[in-house]
1. How large are Rg and Dmax for the range 23-105 when only the alpha carbon atoms are used, in Å?
2. At 24 angstrom or more along the helix axis (alpha-carbon based) and mean Kyte-Doolittle of 0.5 or higher, what helices does the chain contain? Whole DSSP H runs only.
3. Just subtract the alpha-carbon distance of TRP24 and ARG48 from 0.36 nm times their residue separation and send over the number in nm, one decimal.
4. Tell me, in nm to one decimal, what length is gained between VAL89 and ASP5 on full extension, where the rule is 0.36 nm per residue of separation less the Cα-Cα distance?
5. Just to be sure I understand the model, the point goes 7 Å from the Cα along the line to the Cβ. What's the resulting LEU38 to ALA110 distance in nm?
Amino acid sequence: MLTADDLAKMSAAQQALYESRPAWAVAATAIAVWGGALGCVGLIWRKRWALPLLVASLVALVVQDFGLFVLSDVVQTNGSIVLVLQGLVLLVAVGLVLLARKAIARGWIA
């Protein structure tokens, strides 16, 4: 959650973009973050339940990106660096799902 000081440091366009986010996009962000974090913990603990959490995180990330890039003008507001950073996040999420699938197939996790 951003503080009043954080919002004050943003441009007017960035503030408007932040405040106009729909609840489903915020929820998708929360699912992506917490699902990814818990899925990584599951991989560290070598648990099979890591895979569904990482898949949920990846799906939520795609939903969040839809809200960011299709329904808003985030690139115009914040520049193309947003595309690069979100692209990297997407690559990491896909990599984690593939790693979890490989770990299950090879018996590394139970």
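1. So, for the range 23-105, Rg and Dmax equal 13.7, 43 Å respectively.
2. Answer set is 23-44, 50-69, 81-105.
3. Full-extension gain reported as 5.8 nm.
4. Taking VAL89 through ASP5 to full extension adds about 27.6 nm, to one decimal.
5. Computed distance between label sites LEU38 and ALA110 equals 2.3 nm.
Read-outs: derived from the displayed coordinates by stated rules, not from any lab. What you see is a predicted model, and the numbers here were worked out from it, not measured in a lab. Positions of Cβ are backbone-derived with ideal geometry, glycine not excepted, and every protein chain shown enters the neighbour counts.
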